[in-house]
1. Order of 368, 177 from fewest to most other C-beta atoms within 10 Å?
2. What's the extension gain from residue 188 to residue 220 if we count 0.36 nm per residue and subtract their Cα-Cα distance?
3. Hey, of (1) 74, 52, 49; (2) 68, 52, 39; (3) 62, 40, 37, which did the structure itself give for Cα extents along the principal axes in Å when calculated?
4. Averaging sequence separations of C-alpha pairs under 8 Å and six or more residues apart, then dividing by the length of the chain, give the relative contact order as a whole percent.
5. Taking only Cα atoms and a 10 Å spring cutoff, compute GNM fluctuations for the chain and point out the largest among 319, 125, 231.
6. If a/c stays under 1.5 just call it rounded; otherwise compare a/b with b/c (prolate if a/b is bigger, oblate if not). Do that for the range 230-305, with a ≥ b ≥ c from the square roots of the Cα gyration tensor eigenvalues.
7. With a 10 Å cut-off between alpha carbons and a GNM built on the chain, which of 286, 356, 28 moves the most?
8. Looking only at 70, 375, 130, which one moves most when the chain is put into a Gaussian network model with springs between Cα atoms under 10 Å?
């Protein structure tokens, strides 16, 4: 090797040892004195429609709520003004909404629930007016997922029974609204392992590709009460939701382990990509001794998957972004650090990290779910190479230190162009 070549080889290694570059981040307070609204990787609380951002959060519920209907929180909608301030969009909606979506005509859709054994689909009669919500469909369980297509079709998938005992056979009910005919169609997917409910969906026309995460109580897999175990994942695909013939594949089925689903996108190649962390072992002790490995899976219409391991571990709240130039990025909270990080990844099929950046100011996003724009799942539009993030920070209430006040924040930045 020549001297010049040796110098170049050393220089090529320098970025791996250099401090990550900081990306400028803008931070905006959306609302304070809220009661919640950060739960579930598969939910949506941030939308963009015709260049304007909309968000939702929950107010405290009335005292003395009945035990069978514990979720009585009114839902506030917020709209971002061009100067960067956020204002309430009308009066609070008088029911608890878990996820919000928007159709191509500007009408809001939402799914809410009063307890664990119900869910209701709402749609606003008027565009951008949540005060005109009316119910369209009622289901049997709050463990669910929902998506809307560019044509205005809508799909909700929810557990048939709220019974979450491991290996008590259950099912997922798929209720599909066909905009063209103004009709609903239902179908059923058997889930022998028990209840599933953290469901991510990409809906295109009458076709759907879904990822189903189990929501079980299993003392063998998790001896810590209440014994929740999120480890099993199924992939389901349907070519015509008016007929309801599903391919339903058991994908990740460890006897012991954990699966943390985080994000689901439609890539520039038209394929669906899933970001998640995973570990498994032959025993409970072996699985818990392992780190959570971050993976990205490319999902296929045949309800199969290719798995790419990024080599990163112990990540939370991962989000995938692809720039207008086709460059891939992964955003995450790393090893419990308060400030989020961004990695540029090699393009598929390797998806290995190449560069790392920090995002100062993002420490306000403390919720384990960080919402972003996902128009391929929840409607509306993206914002080019500008990334928008939305989550909460948590603070003791002045008059009740044992209770928490949620402050909701919007932060945004541009993907690096290099």
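1. Ranked by crowding around the Cβ, least crowded first: 368, 177.
2. Length gained, residue 188 through residue 220: 8.7 nm.
3. Label (1) holds the value from this structure.
4. It comes to 15 percent, rounded to a whole number.
5. Residue with maximal mean-square fluctuation among 319, 125, 231: 125.
6. oblate
7. Checking each option, the largest mean-square fluctuation is seen for 286.
8. 70
Any read-out appearing in this document is the output of simple, stated calculations on the displayed coordinates, not a laboratory observation. A quick note: this is a predicted structure, and the numbers were derived from the prediction, not measured. When we count neighbours, we look across all protein chains shown, and the Cβ atoms used for this are built from the backbone with ideal geometry, even at glycine.
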